[in-house]
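Reviewing the structure listed below.
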Amino acid sequence: MTQPATAESTLPGIPGREANDDGPATDVVGRTLPDYPAPAPLADHGPARVVAMCNQKGGVGKTTTTINLGAALAECGRKVLLVDFDPQGAASVGVGVSPHDLDLSVYNLIMERDVELADVVRPTRIDGLDVVPANIDLSAAEVQLVGEVARESVLSRALRPALDEYDLVLVDCQPSLGLLTVNALTAANGVLIPLECEFFALRGVALLVETIDKVRDRLNPDLAVDGILPTMFDSRTLHSREVVQRVHEAFGDTLLHTVIGRTVKFPDASVAAEPITAYAPSHAGAAAYRHLARELVARGSSR
Ligand SMILES: Nc1ncnc2c1ncn2[C@@H]1O[C@H](COP(=O)(O)OP(=O)(O)OP(=O)(O)O)[C@@H](O)[C@H]1O
Ligand SMILES: [Mg+2]
C-alpha cells in the first residue's frame, strides 16, 4: 500500500527528481533532497541574522529573492526586515512602497546622525515583513561616503537597533562591488549569492568570492557564504543543468539544494507589487521560495 503524501513531502516545487521506485527525491545535481521540516515557531524574536543578497551581475534575481525569501520566512512567523540598498529602489516597489514619495529613506539613515532606524522602517502588507526603502538619493552616498570615518561600516552601525527586534535582516544589494556593497558585506553575518542559470554567470562569481574574502580579512572576520542559489532554471534545456553542475564542481555544498525555476509569475508579481507567496500562493515559484526558507533555517542561515 502506498503512503499518503504528507504536506511536508509534497512541498518542493523545485527542479530535480521526485521520489520514485528508484530512490528518494534528488536535487538538480543528483544529491538526495532532505525533507526539510516546517521551521518551528519562535517564542520570541531576535537576535537577527543579517544576510546580504549579493551578485555584481545585474538581473540575476537578487531583489526577487530578497522579497520572496523574506515573505516565505514571515509566513513561518519570523520577523523579517528588508533593507533596500539599491538606488533603483526595486525591493521597495516590489513590496508596495513608492520610492518617489519618501520623506526618509536608507540614504538618510546612513548619512544623517539624527535619523534613526525607527524613523525609516515601514510596514508592508505582509504580516511580519517590514522594509527600509531606498530611492535614487542613495546613489549620492557612494561618493559622499568616501571621505567619512569608518566609511565601510555605516550600514552596520545603522542596523544595530534591528538586531534585537527581528529574526532576519535581508539586505538587497545593487549590481556592483562598490562601497555600498562593501557596507552590506561588513554589516552581514552571511552572503547569499543568486546566480542566473546562464553560462556567463559563472565568470563573475570568482570575483565576488574574492571581494567577500577581502571583506572577511579586513573588516568582518565572521562573514560566511550562506549559499549559492541558482535562479531562472529552465528544465527544458540541458544548458541550465550544466551551469548548476559546474557550480557544484567549483563550490561543492555551498550550492544550495533549492533551485528557482524560470517563470513569468515572478515579473507578474513584481508588477502587482506583491511577493509571489501572496500573489500566487500555490504556484511552484511560491513553493520554491518556501523550500529555500526551510533549507536556510535547517542550515542555520536563519532563525
Ligand atoms: N525565477 C525567475 N523566473 C523568471 N523571471 C525572474 C525570475 N527571477 C527574477 N525574474 C525577473 O528577472 C528580472 C530581474 O530580477 P531581479 O530584479 O530580482 O534581479 P536583480 O539581481 O535584483 O537585478 P539588479 O541587478 O538590476 O538589481 C525581474 O524582471 C524579475 O521579475
Ligand atoms: Mg535588484
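The values are calculated or read from the model by the stated rules, or taken from the named source; none is laboratory data. Remember, it's a predicted structure, so these values are computed and weren't measured experimentally. Methodologically, a virtual Cβ is constructed for each residue, glycine included, from the backbone with ideal geometry; neighbour enumeration extends over all protein chains shown.
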| query | Which of the following residues is within 16 Å of ligand 2 (Cβ to nearest atom) and closer than 17 Å to ALA72 by Cβ: LEU229, LEU256? | reply | LEU229
| note | In the stretch 167-203, anything outside any strand (DSSP E or B), more than 24 Å from CYS76 (Cα to Cα), touching a strand residue (DSSP E or B) at 6+ places or on another chain (Cβ under 9 Å) and not hydroxyl-bearing (Ser, Thr, Tyr) is listed as GLN174, LEU180, ASN183, ALA184, LEU185, ALA187, CYS197, ALA201, LEU202
| request: Scan the stretch 231-249 and report the pairs whose first residue is on the phi > 0 side of the Ramachandran plot and whose second residue is aliphatic (A, V, I, L, M), with Cβ atoms within less than 8 Å and a gap of 6+ or a chain change. | output: MET232/VAL60; MET232/ILE260
| message | Quick check on this structure: which one of ASP172, ASP164, ASP137, ASP130 is within 17 Å of the chain's Cα centre (by Cα), of a type in the set (D, E, K, R) and more than 16 Å from ligand 2 (Cβ to nearest atom)? | response | ASP130
| query | among the acidic types (Asp, Glu), farther than 19 Å from GLY285 by Cα, in contact with a helix residue (DSSP H, G or I) (Cβ under 8 Å, 6 or more places away or on another chain) and touching a residue at least 24 places away in the same chain (Cβ under 8 Å) - does that describe any residue in the stretch 172-182? | reply | yes
| Do you know which residues across the stretch 46-59 are surrounded by fewer than 24 Cβ atoms within 10 Å (Cβ to Cβ), in contact with a strand residue (DSSP E or B) (Cβ under 9 Å, 6 or more places away or on another chain) and closer than 16 Å to LEU177 by Cα? | GLN56, LYS57, GLY59
| In the stretch 60-76, which residue that is touching a strand residue (DSSP E or B) at 6+ places or on another chain (Cβ under 6 Å) and more than 16 Å from ligand 1 (Cβ to nearest atom) is farthest from GLU18 (Cα to Cα)? | ALA74
| message | Return the residues of the stretch 51-110 that are of a type in the set (Ser, Thr, Tyr) and within 13 Å of ligand 2 (Cβ to nearest atom); say none if nothing qualifies. | response | THR63, THR64, THR65, THR66, SER92
| Got a number for residues in the stretch 115-150 being part of a strand (DSSP E or B) and in contact (Cβ under 8 Å) with a residue 12 or more places away in the chain? | 5
| the stretch 151-182: number of residues that are surrounded by 24 or more Cβ atoms within 10 Å (Cβ to Cβ), closer than 16 Å to LEU138 by Cβ and within 16 Å of ligand 1 (Cβ to nearest atom) | 6
| said: Given the options ALA224, ALA272, ALA280, name the one that is surrounded by fewer than 20 Cβ atoms within 10 Å (Cβ to Cβ), more than 16 Å from ligand 2 (Cβ to nearest atom), aliphatic (A, V, I, L, M) and under 18 Å from ILE193 (Cα atoms). | reply: ALA224
| said: Take the conditions in a helix (DSSP H, G or I) and within 16 Å of ligand 1 (Cβ to nearest atom) and apply them to ILE110. Does it pass? | reply: no
| query | Looking at the stretch 75-82, is at least one residue in a helix (DSSP H, G or I) and surrounded by fewer than 24 Cβ atoms within 10 Å (Cβ to Cβ)? | reply | yes
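A quick yes/no check of all residues on (1) within 16 Å of ligand 1 (Cβ to nearest atom); (2) over 20 Å from the mean Cα position of the chain (by Cα); (3) at pLDDT 95 or above:
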{"position": "THR10", "(1), (2), (3)": "no, yes, no"}
{"position": "ASP21", "(1), (2), (3)": "no, yes, no"}
{"position": "ARG31", "(1), (2), (3)": "no, yes, yes"}
{"position": "ALA40", "(1), (2), (3)": "no, yes, no"}
{"position": "VAL51", "(1), (2), (3)": "yes, no, yes"}
{"position": "CYS54", "(1), (2), (3)": "yes, no, yes"}
